[in-house]
1. Between Lys18 and Asp166, 0.36 nm times their residue separation minus their Cα-Cα distance comes to what?
2. What spacing in nm lies between the two simple spin-label points modelled at Arg136 and Arg67, each 7 Å away from Cα in the Cβ direction?
3. What's the ranking of 126-135, 48-57 by average number of surrounding C-beta atoms within 10 Å, highest first?
4. Within the set of other residues whose C-beta is less than 15 Å from the C-beta of Ala175, count the net charge using Lys and Arg as +1 and Asp and Glu as -1.
5. Using a Gaussian network for the chain with springs between C-alpha atoms less than 10 Å apart, which of these wobbles most: Arg108, Arg61, Arg156?
6. Please give the length that would be gained between Ser126 and Ala55 if that part of the chain were fully extended, namely 0.36 nm times their separation in residues minus their C-alpha to C-alpha distance (nm, one decimal).
7. Please give the contour-minus-distance gain from Leu48 to Asn76: 0.36 nm per residue of separation, less the Cα-Cα distance, rounded to one decimal in nm.
8. Taking 31 Å as the cut-off for C-alpha to C-alpha distance, list the pairs among Lys52/Lys164; Lys54/Lys74; Lys18/Lys52; Lys18/Lys38 that go past it.
Amino acid sequence: MNEADLYDVILAPVITEKATIASEHNQVVFKVRKSATKPQIQEAVERLFNVKVKAVNTLIRAGKTKRFRGIPGKQNDMKKAIVTLEDAATRTNSAREASDLAAAYLVRGVRENRPQDVSRALALASLALQRDASAREALFNRALALDRLSMFDAARQAWQEYLKVDDESGWAAEARIHLQRLNGEQRTP
């Protein structure tokens, strides 16, 4: 399929409240040509947007009867494709990519008070460290995620590990602040 054919398959994105909610679950919704097949839709999305598609679901919305200036009419039927994308975390090949994703999840988790995102950030930072044990950003993100999840003993150890790798940067100063706060906190059984 050439590039022009790809644009004939995918006609337009569907921008509705439901489509926006679906985007939080790695799904995007497109208006597609009525004769388009699922494999054609998958190929078009993968090639046009440089992503990996996990699944394609389609539906045909029947045209509605509407009145326009008092004259009854019927809208055309429309075929929509709900495309589920592979999670970027499952495709990360490098420690850098995993660490960057961890940072993004950490920021969103803190900003929107979403502990599940902070947990995901911890998993991605740990994955980055498996791929490169000396990755400073991953060490920092892991320590920060542990701290945010109130895993204080593990966070203390993670901050100390980070300071072994980097003890001079601005991040090191922030790591020391976190470590001092953790060392100063009293724990009650």
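1. That pair, Lys18 and Asp166, stretches by 48.8 nm at full extension.
2. A separation of 6.9 nm, rounded to one decimal place.
3. 126-135, 48-57
4. After counting each charged neighbour, the total is 0.
5. Comparing Arg108, Arg61, Arg156 in a Gaussian network model of the chain, the most mobile one is Arg61.
6. Roughly 22.8 nm would be gained on extension.
7. Net length gain for the segment: 7.5 nm.
8. Among Lys52/Lys164; Lys54/Lys74; Lys18/Lys52; Lys18/Lys38, the Cα-Cα distance tops 31 Å for Lys52/Lys164; Lys54/Lys74.
No lab work stands behind these numbers, since they all come straight from the coordinates. In this text the structure is predicted, and so the values were computed from the model without any measurement. Because the Cβ atoms are built from the backbone with ideal geometry, glycine has one as well, and the counts that use them run over all protein chains shown.
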